[in-house]
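Below: the structure, in structure tokens.
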Amino acid sequence: MIQFNEIKVGDYLIADNAGDKKQGEVTDLNHNEKQVCINNGVQDFWYETVQLSAIPLDDTQLKKLKFNKEVNADGTIKYMKGAFRMMLLANNDFSKFEIWYRDEHRHIIHPIFVHQLQNHYYDMTKVYLNEEVYN
């Protein structure tokens, strides 16, 4: 289960409506009831946090988020979106990696989920990480 306090508007999560699981974007938060409004691409629905699950961070998700991938000669992998960078020690190894934006560097020492990367990205850039393309 995802903790309510780590969910932010703009995050991508999976919502489970009686077994029908769909990925969607958080559009609103009800702090009093601890409910999350998710847009599934068609319309908005409100969910309890027990109905939500995180999306594992992987190459497919980074491609959806419009990151460019660069394979380095030493086997490391760099993902780039605008001035934001991620460096993996090996292809598809998201167990620990480094992220940076300008002068700020963060070392991630365990696998994280898409919404957590989105929150790091926003904290560092003040821009929402979504499927838009940035140069």
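The values are calculated or read from the model by the stated rules, or taken from the named source; none is laboratory data. The structure displayed is predicted, hence computed values, not measured ones. Glycine gets a Cβ as well: all are built from the backbone with ideal geometry, and neighbour counts include every protein chain shown.
Just a few scattered comments:
- For Leu129: the one exception among (1) surrounded by 15 or more Cβ atoms within 10 Å (Cβ to Cβ); (2) aliphatic (A, V, I, L, M); (3) at pLDDT 95 or above: (3)
- The listed residue being in contact with a Gly (Cβ under 8 Å, 6 or more places away or on another chain) and farther than 17 Å from Tyr128 by Cβ, out of Ala54, Ala90, Ala18: Ala90
- The set of residues in the range 65-93 being in a loop (DSSP other than H, G, I, E, B), under 16 Å from the mean Cα position of the chain (by Cα) and hydrophobic (A, V, I, L, M, F, W, C) consists of Leu65, Phe67.
- Scanning the range 32-62 for residues that are touching a Phe, Trp or Tyr at 6+ places or on another chain (Cβ under 9 Å), part of a loop (DSSP other than H, G, I, E, B) and touching a residue at least 12 places away in the same chain (Cβ under 8 Å) gives Lys34, Ala54, Ile55, Leu57, Asp58.
- Flag if Asp20 is among the acidic types (Asp, Glu), assigned by TED's automatic domain parsing to the domain that holds His110 and either free of Cβ contacts under 8 Å to residues at least 24 places away in the same chain or farther than 20 Å from Ile99 by Cα (or both): no
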